[in-house]
Amino acid sequence: MSRSRFTPVRRLAASAPPRPARVVVAVLLSALLAGALSACGAEGTGDKGYVDGHGVITELPPAQRHQVGAISGDLLDGGHFDLADHRGKVVVINVWGSWCAPCRAEAHVLAAAAAKLRPEGVLFVGINTRDASKDNGRAFDRAFGIDYPSIFDPSGRNLLAFHGAITPSAIPSTIVIDGQGRIAASVLGELTSSTTLVDLVHDTIRGTVRS
């Protein structure tokens, strides 16, 4: 994975610190997946790579945050989503696929965090990528109790919005966008604790990072 132009203030495992070898493998795999997306457009068929294991967290202070690109598309359950319509809100974006085992493992974590943060005005939205049909994504949401919307994006077009910041082509990935439309935090790989995500969102709201 090519190095981000952003300097991570904190990079650690979402639960236990990963072994150095696991971090190297995750970084290399992310780089390969990013290259594959550029080369083939992340089509909805063929090999579907993902980062297995605990997520790696990055938080950025306000001075180091940069704008996310355009994110929009048709939703799995109808309607249309455009991130630009939600400026001023903190938005949590989860990149996932129904075929992805770590996505299934973390689904209850996302659902719990969304339920806790919704009263605070935090918006959750998924990007359902590399699935052959909307039916697969809708079945996933029903099975795991996901009640927030997801953009159906089989080609991975929306992942280009994160270019140069993180590598969400490593699936799953979770990204926290601040009220000014900037990337404030990310979790590359499986999110294992709803508390971790809630804390990242609260840090984003306060404009701080944890030491």
Quick one: count up the residues across segment 128-165 that are assigned to a helix (DSSP H, G or I) and among the polar types (S, T, N, Q).
2
Given the conditions (1) at positive phi; (2) modelled with pLDDT under 95, which single one is not true for residue 88?
(2)
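Can you go through 156, 207, 189, 181 and tell me which one is of a type outside the set (D, E, K, R), at pLDDT below 90 and on the phi > 0 side of the Ramachandran plot?
Testing whether each residue is of a type outside the set (D, E, K, R), at pLDDT below 90 and on the phi > 0 side of the Ramachandran plot leaves just 207.
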Residue 206 fails exactly one of (1) free of Cβ contacts under 8 Å to residues at least 12 places away in the same chain; (2) touching a Cys at 6+ places or on another chain (Cβ under 9 Å); (3) basic (Lys, Arg), namely (2)
In the list 130, 142, which residue meets the criterion of being closer than 17 Å to residue 107 by Cβ and open to solvent by 50 Å² or more (accessible area, probe 1.4 Å)?
142
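Give the residue that is surrounded by the most Cβ atoms within 10 Å (Cβ to Cβ), with candidates limited to residues of segment 91-107 that are out of contact with any strand residue (DSSP E or B) (no Cβ under 7 Å at 6 or more places or on another chain) and not in a loop (DSSP other than H, G, I, E, B).
Step one: of segment 91-107, the residues out of contact with any strand residue (DSSP E or B) (no Cβ under 7 Å at 6 or more places or on another chain) are 98-101, 104, 107.
Of the ones still in play, those that are also not in a loop (DSSP other than H, G, I, E, B) are 101, 104, 107.
Working: 101: 11, 104: 17, 107: 21.
Per the criteria, the residue is 107.
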Filter pass, residue 125 being surrounded by fewer than 22 Cβ atoms within 10 Å (Cβ to Cβ) and not in a helix (DSSP H, G or I):
yes
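The values are calculated or read from the model by the stated rules, or taken from the named source; none is laboratory data. Because the structure is predicted, anything quoted here is derived from the model rather than measured. Neighbour counts run over all protein chains shown; Cβ positions are idealised from the backbone, glycine included. Accessible surface areas use protein heavy atoms only, side chains included; no ligands, DNA or RNA. Shrake-Rupley method; radii C 1.70, N 1.55, O 1.52, S 1.80 Å.
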